[in-house]
1. Can you list residues from other chains, or at least 5 along the same chain, whose modelled amide H is less than 5 Å from the amide H of A:Asp310?
2. Could you go through the range C:185-198 in sequence order and give the Karplus-derived ³J(HN,Hα) for each residue, using 6.51 cos²θ - 1.76 cosθ + 1.60 with θ = phi - 60°, rounded to whole Hz, and x for Gly and Pro?
3. As an exercise, use a Förster radius of 35 Å and the Cβ-Cβ distance of A:Phe590 and A:Leu626 to find the FRET efficiency, rounded to the nearest 0.05.
4. Taking a cut-off of 26 Å between Cα atoms, list the lysines near B:Lys97, but don't count ones fewer than 8 places away on the same chain.
5. Can you run phi through the Karplus equation (6.51, -1.76, 1.60; θ = phi - 60°) for the range A:16-28 and list ³J(HN,Hα) in whole Hz, with x for Gly and Pro?
6. Using each residue's phi in the range C:103-114, evaluate 6.51 cos²θ - 1.76 cosθ + 1.60 at θ = phi - 60° and report the 3J(HN,Hα) Karplus result to the nearest Hz, with x for Gly and Pro.
7. Given R₀ = 60 Å, what would the calculated FRET efficiency be for A:Leu227 paired with A:Leu633, taking r from the Cβ atoms and rounding to 0.05?
8. Restricting attention to the range A:604-657, which trypsin sites (Lys or Arg not before Pro) occupy a DSSP loop and are surrounded by at most 10 other Cβ atoms within 10 Å?
Amino acid sequence: MPSALQLLWLVPALPLAGFLANGVLALRRPRAKHAVSIIGVGVLLAALALAIVIVLAFLREGTPGPLVFPYWEWMPVGELHVTVALQLDQLSAVMLLVVTGVSSLIHVFSVGYMGEDPGYARYFAYLNLFVFFMLVLVLGASFPVMFVGWEGVGLCSYLLIGFWFNERINADAGKKAFLVNRIGDVGFLVAMLMIFAHTGSLDFQPLFAQAPKLFTPGGPAVTAITLLLFLGCTGKSAQIPLYTWLPDAMQGPTPVSALIHAATMVTAGVYLVARCNVLYALAPVASAVVAGIGALTAFFAATIALKQWDIKRVLAYSTVSQLGYMFLGVGSGAYAAGIFHLVTHAFFKALLFLGAGSVIHALHHAYHATHSREDAQDMRNMGGLARHLPWTSTLMWVATLAIAGIPPFAGFFSKDQILSAAFSLGDVHPLWYVYWLLGLLTALLTAFYMTRLMLYTFHGPNRTGERESAHLREAPWVMTGPLVVLAALSLAGGALNVPALLRGREWLEHWLEPVTAVAARLRPGIEVPHGTEWALVIAAVAAAGLGIIAAVRLLRPEELVPARLAPAERGFARVLWKKWYVDEIYDFLFVRPLIWLSREVLWRTIDLGLIDGAGVNGAARLSRALGWIGSRLQTGQLGFYVVLFVGGVLAVLWTAVR
Amino acid sequence: MLLGPSLAVSAVLFALGVAGVLLRRNAIVIFMCVELMLNAVNLTFVALAQSLGVAGQIFVFFVMAVAAAEAAVGLAIILAIYRHKQTVDLQNINLLKG
Amino acid sequence: MYARWVLTALLVWPAVAAVAILIAPPRWAKHLGFVASLIEFAIAVPLWWTFVPSGGMQFVCDAPWIQVPLFGTGAPWSIHYTVGVDGISLFMVLLTTLLVPLSVLGSYSYITTRERAYYALLLVLTSGMIGVFVALDLFLFYVMWEVMLIPMYFIIGVWGGDSRLYAAIKFFIYTMFGSLLMLVAILALVYLVGQRTGIFSFDYFHLMRNLGDLGPLAFWLFAAFFLAFAIKVPMFPFHTWLPDAHVEAPTAGSVILAGILLKMGTYGFLRFAVPFFPAVALAPPVETAIVALSLVGILYGGLVAMVQPDFKKLIAYSSVAHLGFVMLGIWALTLQSVQGALLVMINHGISTGALFFLVGMIYERRHSRLIAAYGGIARVVPLFAAILTFVSLSSIGLPGTNGFVGEFLVLVGAFRTHPVAAGIAATGVIVAAAYLLWALQRVIFNPLDKPENEKLPDLTPRELAVLLPLVACIVWIGVYPKPILDRMEPAARQFIESVRPPGPTATAIAP
């Protein structure tokens, strides 16, 4: 085995070392910004370089099976053998490159974006730690090791959302993200318990190799396991019903939203389903649930995105919606298509977020220069920014076309493959046609709200303010540079997996074949006639085009007024603006009753009242009461005592004599 | 020989002692009544010793010794109480009240 | 030499040192206490290497103590001084000797009155705690059980908070109530076995071997032991002494209370109650009731912790939840769950101990335990905030920290025998995250809106010296618990086999 592969452990170890170094700096020398930048970005670039070398070595190796590198025994107890081991296979190689690549770009961007923040060192420490956990997540060779990364990225997300922790709203959002994720994590945890109870192993390789023998296809065990795992995915990847944390997560710094809440962490759920493709192929019901939830989430989130004014919230709901697409893909058995969309989405959504970050950066500086307290993220305060930020505007248009699914941008290829995979299953059950239709409608809505975002932000008249608009500047190159790279990837990323229909090589599909081979055998894909396939492509492009045209024709950026003058939304628009009131419903149904139950019933009534009051202190009061009764005999009068004494003697004599 | 009258006298003395302890309030008087009861018992011991052997007469010495000790301690306590409260009326002394 | 006398030395040394502290000048008291407890730790550490995992009971020292004919039975009642450790008690002894020096160091600035008495009591308490864990004679065990009660009573009652007397008396009477019933049960046990064998011995192994079938009486004897230990654990609904005692005790008292005293309850179950009466402990109604109470403890403790306004009370209720995991692990009776339970016992001592230290440190600065008195202080005390966050994460069982390993093993093991219970217990991790993160937010995050918090000094080197060993343990056990698991495995296996005869274990994939 070549030596480069042996260094796999170093890829996660580098960011971990960066975290430790930056963490010490954050506590001891928070002003050493140069050192922090060099360490923080340096370890990432080193990790990226190493990852490329390792993947190239893996390519040369040409082994179809996964390479597992065990390091030490973690929890050896009886039949349970959990080893800390990393695994390199085709799927984790793709994720390895995406994670290190996008992370490196965003680290570079952060040098500019966070340059003036007093918590600079702490920021890079958290960001490095996140990359470490994300790499553990994608490289872990068993469920428990993956779970380390799974919860670890949640922790970093918590820390980074609440990065500016002195604002209550940020701290609230971070806590919400962690708690909602934890609900999902319990699903993951219980799934692990079930897997161990049924198979006696938690390692991926033996488990997936033998899963077809160990589980009855469609049986309750495998269905329960896959559904529980998917519960974990709904938390981590923000699907119905656990998606509500992601829009709130936009309270964190914008590069964090780009890295964690768009490109990498939130796609962990998709990765998990793709990783467990064998199990999902054995559980058609669970797969249908995955696809259904995905399609529903895609559509539902897209409707909310239509009416948001905060530029990052639009992108957040867009992320939720695109993640829904990915689940529709992996739920339909098109694991390669799901991963393909994950990759392209990482490119264009990171680009969109970083572009939004660039816009916010510009507005923030403008408002800062004039000491204005306006909202730098509200699109009603933007408009016409294309004149001031030409690079950002152009690059974000590339990403918009990519996410809308306009050929030849990357999103077109990946989205199309997911939709056709869903459509092809319509022969099995008509329900899949509904999923496909939801996906198509989502494509239309996506094109619409993204065009809306671009129009309101970059076109029409400027609403920032008379004095402020003079201060609007394009960001420095350290920030636009990563944007250019991401734009190139959004443009050309589709080449990874050009379908055979368009005379492509389906390169990613073939690359992932060793991983999905068993699943493909268990659940063979359904071939669609070429004619139908062409029709599907045309329908998808038409939907996207229609969305863009409708947005351009219907929306009037020149009629908008700045946020502080804007009238309140009314009617159905208000329902959308208020996000279908889902947060309020959850609050009313779960959060408040639980706190009320804990405080009033469990603590005040049962604990303090019943157990402690009536029981424990009741016993104390009872003995005191008995003692009080006894003490009434002690009058202190000697005469009384003597009378009792004589009476007693007489009584004894009387009984003795009688 | 004279057993009946002796026992009768001691019974009367004992009853007088009990009545005194029960009815009087002055600590000194109560104390003297206790002595009266002890001496009533002594009389009984002596009277019965005629027929039951010499042990009863010996017991009288014990009782007298105890009574002497009791008188010493008891009077000392009463004196201490008097110094403290300027009275030996037991109705005013109820420190043991619960 | 070492093997024969180490446990006796561990028992006697603190008591001797306590006397020395009482004689020495008051200003030496804390330093003497620290040195003495460090020496105690140094005596205990070689146990780690000299302990042979498969060797059963080790370091045994046995000597006749009281041998008099009693109750006219003719045969002498033989009471021995017998001590020894196995894979269960080894870690309790090590944990005790680790936490005591840290507690002494953590008390340096907290305790300002009657220092000599305080440190002497702390050392006597150490003797008592070690005694409970190493005693192999039930009479000795009972004596030690009471010995550690009295110093704790004084520590709470003299150096505690505002309503310290109430808390101390509640703690004392609660524990005494259970332990007296246990004494009755011990005497009954000795008498019954003595009648059968002719040897009225308190020896643990003698009783284990000759217990036989006790018939319906077994239930009542088990109930007496159960009550004593369940109060100590504490299991719902016998837990209400805990919040008061924890809150009122001085920092070191809370640390030792949570870190070690609670473990005596679960240790009692592992060592005595369950192996003595396996038929009762595993009878379906009893088993169901105890598993149910463990689950109630996990969820109820967590939910009640969530709404506490007082940080120390919050941690106290969280102990109820953590110990619920231990009880579930013991009763699930699989190798994973029992080892997990043992690990949770250790972890809880480390993490909750560290949490109490941290709360004590901030209390020394601000003289308030109320969560609402703080807010946003991560900006003024970043080091404190970083360590508090880290320790909280270990307490809520984040993978990579010690908390996860213990809870995961308990759940994995419990799922195989009690799948529904394990599933319910797993939701406890949500509640744990809810109460600690919410408290964390209100203490170190949120706006820094109280002027008196703006000038708080960060941790001193002495305080760091208290916390860093615990932080190191958190990482070590979280990442590489194998040395600990290896040492406890034979004892855990033996516990399970003594309770339930070995049966076939089904695994589909060979390792």
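Nothing in this text is a laboratory measurement; each read-out follows from the coordinates by a stated rule. What you are looking at is a predicted structure, and each value in this text was computed from that prediction instead of being measured. Glycine gets a Cβ as well: all are built from the backbone with ideal geometry, and neighbour counts include every protein chain shown.
1. Under 5 Å from the amide H of A:Asp310: A:Met379.
2. So the Karplus estimates, Gly and Pro as x, are 5, 4, 4, 4, 4, 4, 5, 5, 5, x, 4, 6, 9, x Hz.
3. Details: r = 47 Å, r/R0 = 1.35.
The formula returns an efficiency of 0.15 here.
4. Partners found: B:Lys85.
5. So the J values, rounded to whole Hz, are 5, 4, x, 4, 4, 5, 5, x, 4, 4, 4, 7, 9.
6. 5, 4, 5, x, 8, 3, 9, 7, 8, 10, 10, 6
7. Details: r = 72 Å, r/R0 = 1.19.
Here the calculated transfer efficiency is 0.25.
8. Values: sites: A:Arg604, A:Arg621, A:Arg624, A:Arg632; in loops: A:Arg632.
Passing sites in the range A:604-657 are A:Arg632.
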